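Trainee: My questions will all concern the structure given below.
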Amino acid sequence: MGLLKKLFSWKKKIEEPEYEIEDWNEIVYDRNEIKISNKEQRQEYVKGCLEQIAEASKELETLQFEYNMVTAYLKDMEEIEALPEEEKAALAECAEKIEALEEKQSGYKQRKNRLSDMEYHKIERMEEEIQEGYGKLKKAEEYQEFIKRDLRKLDGEKHAYHFRRSELRRIIADTRSMTIVCTVAVILGIVVLFVLQYGFHINTKLGYLAVAAVGAVAITLIFIKHNDSVKELARVESSISRIIRLQNMVKIRYVNNTHLLDYLYMKYKVKSAGELGKSWELYQQEKEERHKYLQAELQLDEYQQELLHVLRRYQIKDPMIWLQQTQALLDRKEMVEIRHNLIIRRQSLRRRMDYNKEVIAGKAQEEIKDLVESYPKYAGEIMNIVDEYEKDFS
């Protein structure tokens with residue numbers, strides 16, 4: 001009885017593990033679920049790391065273009081602020097003339113506008129890119145929901161496999177316990193029959209056959225159950241490994257898409273694509289009315305051309321943008337605010353570039369390097385996979 005209690009108490013110690021939803025911003029490199037000795041799993045794991053590097057490189061190209069554009073705007077501001085006082089005064093004079101003419105538009109300003117001046121000029125500064133930005137933002141929001149659905153699905157599948165793995169481990173433990181119990185029962189049965197045969201001179205041949213038959217059938221069934229559970233456990237663990245690799249790829253897309261959404265929301269100062277689309281619609285209506293009014297102010301164009309001429313003389317890369325930012329040429333606080341917004345945008349881009357370069361690509365490279373160092377006998381095969389992938393990618 002003491003042995004039976006010990007066996008069943010061992011069974012009770014196997015508890016159901018608790019699982020938590022993983023952080024989708026975290027890239028996991030876990031080789032515990034992977035059999036490196038398995039060629040197929042090993043190659044899939046290395047290719048997964050290489051695909052993460054390629055994903056990061058593609059994202060870096062896009063980020064670099066935006067980063068260069070923001071840097072050019074900042075450089076223009078530095079050029080303007082570095083001008084001598086006399087040249088700054090000339091710029092300020094042009095800006096004051098433009099501001100004065102715009103102030104004359106009191107009749108328009110007295111009407112109920114669809115957009116405030118601040119909102120109008122904010123959209124006007126981004127007019128050439130706002131439609132494309134709206135498309136990107138809408139697409140990114142839809143893609144974000146698609147990724148979340150995929151991650152939830154993968155989380156559910158992973159937890160189901162973890163639950164099944166726990167069940168299989170309990171079954172394997174149970175079959176081991178049952179094997180011992182059956183063996184002990186058969187031995188006890190044989191001992192009892194032996195005592196009956198030689199102690200009481202009872203014919204126990206049928207008893208021996210019955211004990212042997214029952215024991216053989218029971219142990220055979222237990223063995224089959226145990227063997228099937230072991231095979232299924234191997235399949236389940238392989239499926240968990242595959243899901244982790246899929247999660248890593250989807251997580252990279254989730255993180256990059258989340259960063260893209262955050263950047264676009266910050267860039268366009270909105271909370272959703274719908275808000276940007278509504279603002280764009282109102283802006284188009286407002287622009288049409290303002291354009292009619294500006295036609296009567298031909299002199300305004302003359303002063304704007306004068307400002308452009310002055311700016312081009314100072315080799316400003318994008319002088320057109322300053323036509324909508326004349327207040328910044330007159331008010332240092334406005335200039336500082338614009339610069340601050342550009343710096344924040346550039347910092348955000350730099351963080352995303354560093355993340356893709358150091359975290360995504362860097363960790364994937366380190367993981368491949370660690371594989372080569374940890375498993376030198378597979379080093380040649382791993383490097384061949386890397387070389388073939390680089391050829392295809394280039």
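The values are calculated or read from the model by the stated rules, or taken from the named source; none is laboratory data. Not measured: the values here are computed from a predicted model. Ideal geometry is used to build each Cβ from the backbone, glycine not excepted, and the neighbour counts take in all protein chains shown.
Trainee: If only one of Q299, Q327, Q315, Q305 is outside any helix (DSSP H, G or I) and either without any contact (Cβ under 8 Å) to a residue 24 or more places away in the chain or touching a helix residue (DSSP H, G or I) at 6+ places or on another chain (Cβ under 8 Å) (or both), which one is it?
Mentor: Q315
Trainee: Moving to a separate point now. Can you spot a residue in the range 100-115 that is surrounded by 13 or more Cβ atoms within 10 Å (Cβ to Cβ), in a helix (DSSP H, G or I), among the aliphatic types (A, V, I, L, M) and modelled with pLDDT under 80?
Mentor: yes
Conditions tested, residue by residue: (1) under 24 Å from the mean Cα position of the chain (by Cα); (2) of a type in the set (D, E).
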{"site": "M335", "(1), (2)": "no, no"}
{"site": "I344", "(1), (2)": "yes, no"}
{"site": "R352", "(1), (2)": "yes, no"}
{"site": "E358", "(1), (2)": "yes, yes"}
{"site": "A364", "(1), (2)": "yes, no"}
